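Everything on this sheet refers to the single structure shown next.
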Amino acid sequence: MLDPISMAAITAVLGAVGSGVASEAGKWAWETAGGLVRRMAGREVVAPTRPEDREAVARIIHDSVHSDPELARTWNTFARGVQTTRATIGRPRLPASVRFFTDRKTAMRLLDREAGRKADGRPRVALLYGDDSMGTSALAVHWGWRAESLFPDGQLYVDLGRRGAGGAHTAGSALRELLRGLGLRDEQIPASEPERVDAFRRIVADRKLLLVLDHARSAAQIAPLLTSAPSVLTLVVARRPFPGLDAFPVPVGPLSDRDAARLLTKIVGKQVMRSARAALPAVLERCGGSPYALRAAAPRLLAPGPFAAAPPLPQPQHEPTGGLTMSDSDPMRTAAEDAYRLLQPDAARLYRLMGLRHWPAFDAEAAAQVTGLDVDAAEELLGTLADALLLEHTDNGRYRYRPSVRAHAEEVAYRQEGIAGCSAATTRAVEHYLRLSVTAARAALPESWRVPDAVPDSPGDGYAGRGEAVTRLAVELPNLVEAVATAEEFGKPDTAVTLCRALWPLQLKAGHHEELLPALRIGTAVADARFPGSRAAGALHAQLAHTLGELQLGGVFK
């Protein structure tokens, strides 16, 4: 058990006090701590805003309580009343592993080796890298569950590439998610990135944890998330190695034909494999050892009639805006195309049109508005696309694309719908999110002049209360950020500005400032360029200033 008057314990209490300053109890603790520190130091002491400042204040307390028994009793009484991060930590879990898994014995042994390495001050970090369709994420999660006993304090997971429209997670937003996973409430999480780094490293310092950082983009993105804690193992999952990352490399390549056939057998069964024996070489060649492509090919083996390889893919006439390009030999592209060609017309059209923009997690209502279908029909088609592995289910019952699959959907949309059809579909999506956000904002904060007026054809209020309206804005926030970026890109300044103004109730009542910031910056720039000096421009500048202020909290002991 940690000595309550050790440097580590005192530093933890100071960190907890600083993290909880936003609440009333936190403010009391902040003021009480300030009074104790002044008493011990015999002078005013500036409140610690950086890890090194906190250590200096902790040293003052440490020296005082060890030289004065009365001060030691006073500090112990105060510290017991502070909810430190150690008291709130949960036991986080990884996402579910895949049911069918085969091979990867070499990679598993390499991970075992890094996990069992003798502690020597170097961070325990392994980098699993391979193409998007090679199952690197599945491997990390599968190994993590297999090695669960090594990490009795839990397994943390964060998807660094799927934050939303603003792009990948920043280090600060990833740390917020990790600290939430460890059981901290939002008001306990420090505002600044350096403080979050310090809080995270303090919490995990003496714990046996697995940390999986999925879809990492760069060494700089993950550097603040790494720790030298001897019992924490970090698995970084990426498409390629990072020269700036000092990690144990674990390459993940294609499955051998033998292991690919074994995986297919697990999925479809031995009887189907016997029936498809003649077609198997063509299936394996087309799938290229990709677990994703093999899973996507399984329905074609189960379908009646002989297996036939799809014809060569036409060359794209439009380069996907996501920046991903795919060759005919790319297993992800061929698997998506094969699955797409089996779709019924309505499902194929929904797949194409929802892939035109990066909607982070969309629902049947959005799909219905974009395609002109009713919501029930859209829900059924989304399920069909998920069954075909063209979409993924999210934890909250929504849907999203794998990045490479979305690139394919966007490509075929321009190929079959043309520029005019794609532009019209994107406009319908943005208008849907505009109506949704303004309606929710007016229900959440009807008395505020900052909230925009209702837009034409908006649905009725329909919210049970203000809290429900704020919750809807929070759930849709990643899509709303993407809608702002889309409106700006498509030359719709009024829409971009109105969308941003509709975010005000969310800022005021629920925070989410890091997620909001990209949209507010776009909206403010658009308002300044197109509506200089207007009331809307002033409102957006106030909203931006509010969020920037919330992200730069600080203070002194008073």
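Using Stokes-Einstein with the Kirkwood hydrodynamic radius over Cα pairs, what translational diffusion coefficient do you get for segment 418-550 at 20 °C and a viscosity of 1.002 mPa s, in µm²/s rounded to a whole number?
Approximately 147 µm²/s, per Stokes-Einstein.
Give the relative contact order (percent, whole number) for segment 388-465; include only Cα pairs under 8 Å separated by 6+ residues.
About 19 percent, as a whole number.
Say the dipole of the chain comes from +1 at the beta carbon of Lys and Arg and -1 at that of Asp and Glu; which of Gly183, Gly130, Val232 then lies farthest toward its positive end?
Towards the positive end, the residue furthest out is Val232.
Sorted by packing (mean other beta-carbon atoms within 10 Å per residue), highest first, where do 169-177, 442-450, 519-527, 343-351 land?
519-527, 169-177, 343-351, 442-450
Test of understanding: what is the full-extension gain from Ala279 to Leu150, defined as 0.36 nm times their sequence separation minus their Cα-Cα distance?
Working: separation 129, 0.36 × 129 = 46.44 nm, distance 4.31 nm.
That pair, Ala279 and Leu150, stretches by 42.1 nm at full extension.
How high is the relative contact order of the chain, in percent, with contacts defined as C-alpha pairs under 8 Å that are six or more residues apart?
13
Between their Cα atoms, which of Lys105/Lys266; Lys208/Lys509; Lys118/Lys266 are more than 26 Å away from each other?
Listed pairs above 26 Å: Lys208/Lys509; Lys118/Lys266.
Counting only C-alpha contacts under 8 Å and six or more residues apart, can you give the relative contact order of segment 174-303 as a whole percent? Don't skip to the end; give the middle numbers.
Details: 112 pairs, mean separation 23.2, N = 130.
Reported as a whole number, the value is 18 percent.
Can you run the Rg to Rh ratio on the chain? Use alpha carbon positions and the Kirkwood inverse-distance Rh.
1.02
Can you tell me the dipole magnitude for segment 105-251 around its Cα centre, using point charges on the Cβ only (Lys, Arg +1; Asp, Glu -1), in Debye to the nearest 20?
320
List the trypsin sites (Lys or Arg not before Pro) in segment 98-129 that DSSP assigns to loop (not H, G, I, E or B) and whose Cβ has at most 16 other Cβ atoms within 10 Å. Which are they?
Counting only loop positions with at most 16 other Cβ atoms within 10 Å, the trypsin sites (Lys or Arg not before Pro) in segment 98-129 are Arg99, Arg117, Lys118.
For Arg240 and Asp63, what does the FRET efficiency come to when R0 = 51 Å and r is the distance between their Cβ atoms, rounded to the nearest 0.05?
The formula returns an efficiency of 0.55 here.
Give the Kirkwood hydrodynamic radius (Å, one decimal) of segment 331-415, defined as one over the mean of 1/r across all pairs of different Cα atoms.
12.4
No lab work stands behind these numbers, since they all come straight from the coordinates. Here the structure is a predicted model, which is why all the values come from computation and not from measurement. Every residue, glycine as well, gets a Cβ built from its backbone with ideal geometry; the counts of neighbours run over all protein chains shown.
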